[in-house]
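The values are calculated or read from the model by the stated rules, or taken from the named source; none is laboratory data. This structure is a prediction, so every number in the text was calculated from the model and none was measured. Counting neighbours? That spans all protein chains shown, and the Cβs are built from the backbone with ideal geometry, glycine included.
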Amino acid sequence: MSEAVLTAVDVSIEYEVDPPVRAVRNVSLTLNRGEILGLAGESGCGKTTLAYGMNRLLKAPAVMTSGSIVFHDRSGVDVDVVGLDGEGLRAFRWDKISMVFQGAMNSLNPVISVRAQIFDIFDTHRAGMSRKEKQVRAEELLTLVGVDPARLSSFPHELSGGMRQRMMIAMALALDPQVMIMDEPTTALDVVVQRGIIREIMRLRERLGFAVIFITHDLPMLIEISDRIAVMLQGEIVEQGTAEEIYRSPQHEYTKRLLSSFPSLTGERGDFVRTGITQEATR
């Protein structure tokens with residue numbers, strides 16, 4: 001039987017505006033140690049709001065109105081994430097659960113070097129580290145994600161999109177977390193760079209053993225990389241199962257529509273080809 005590392009039960013999150021918006025509705029999820037759990041759904045369905053709630057990053061007007069979130073530490077201690085506050089919450093975040101946010105350029109400070117941003121993590125969570133220890137660890141992290149450690153002196157605008165995303169992954173790994181939440185980590189990257197980032201995540205997961213919640217609207221990609229998948233629609237989880245089950249025998253109509261929305265590489269060409277547009281374009 002798989003060992004759970006994070007459990008969410010009946011989580012509801014509301015945006016307290018007029019009228020109120022129930023963004024997440026009675027969601028229950030279990031993330032097992034070392035697995036990749038894919039969270040799929042269209043834009044606006046509540047995926048990111050749920051991720052922020054699980055990591056206690058919600059800001060007003062978003063409020064978690066009900067439910068429980070429990071982190072099962074490898075030490076055997078269960079942590080009530082909802083009950084954490086102050087220094088307890090500060091010590092928990094990034095150390096036990098880290099997050100790779102959407103849009104690496106917006107997540108990195110544009111006027112501070114990569115070195116300073118990584119060092120800031122250590123200053124906050126590992127106050128006893130010497131500057132030499134921080135430098136060695138920062139170089140290790142960049143090497144781990146396939147970036148030349150010389151790039152520690154660079155500023156975010158001097159890096160490519162793929163390299164910035166690797167920097168974000170390196171920062172998320174800085175304290176050896178047990179869970180990493182990845183919110184559309186390949187958005188706005190070209191296909192080749194996306195594939196490289198995905199391979200890197202898979203390699204690091206195998207090597208370091210952390211669990212991943214991978215959020216995206218790209219269900220075919222989740223089927224390829226995930227152990228299990230949860231499909232989200234209008235704030236609710238409408239279907240859960242192994243990647244194989246979701247692919248072979250989807251039960252919910254929305255899951256079937258998601259799967260059918262991606263074109264086949266082997267099926268018939270569509271009407272837009274038969275109209276002659278393609279032939280004209282290739283003359």
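Remarks
- Residues satisfying the stated conditions in region 43-57, i.e. in a loop (DSSP other than H, G, I, E, B) and in contact (Cβ under 8 Å) with a residue 40 or more places away in the chain: SER43, CYS45, GLY46, ASN55, LEU57
- In region 148-161, the residues that are surrounded by fewer than 20 Cβ atoms within 10 Å (Cβ to Cβ) and in a helix (DSSP H, G or I): PRO149, ALA150, ARG151, SER153, HIS157, GLU158, GLY161
- Top-ranked residue of region 177-199 - restricted to ones that are surrounded by fewer than 18 Cβ atoms within 10 Å (Cβ to Cβ) and in contact with a helix residue (DSSP H, G or I) (Cβ under 7 Å, 6 or more places away or on another chain), ranked as nearest to GLY38 (Cα to Cα): ILE198
- When the test is whether a residue is of a type in the set (Val, Ile, Thr) and closer than 18 Å to ARG56 by Cα, THR124 passes it.
- Of all residues in region 172-195, those satisfying the criterion of being touching a residue at least 40 places away in the same chain (Cβ under 8 Å) and farther than 27 Å from ARG126 by Cα are GLU184, THR187, ALA188.
- Scanning region 227-257 for residues that are loosely packed, with under 14 Cβ neighbours inside 10 Å and among the aliphatic types (A, V, I, L, M) gives no hits.
- All conditions but one from (1) modelled with pLDDT of 90 or more; (2) closer than 18 Å to LEU144 by Cβ apply to ILE198; the one that does not is (1).
- Matching residues, region 215-245, being touching a Lys or Arg at 6+ places or on another chain (Cβ under 7 Å) and among the acidic types (Asp, Glu): GLU236
- Region 161-176, residues that are over 14 Å from the mean Cα position of the chain (by Cα), farther than 13 Å from VAL193 by Cβ and hydrophobic (A, V, I, L, M, F, W, C): MET167, ALA174, LEU175
- If you go through region 104-160 and keep only what is closer than 21 Å to LEU208 by Cβ and out of contact with any helix residue (DSSP H, G or I) (no Cβ under 9 Å at 6 or more places or on another chain), you end up with just VAL136.
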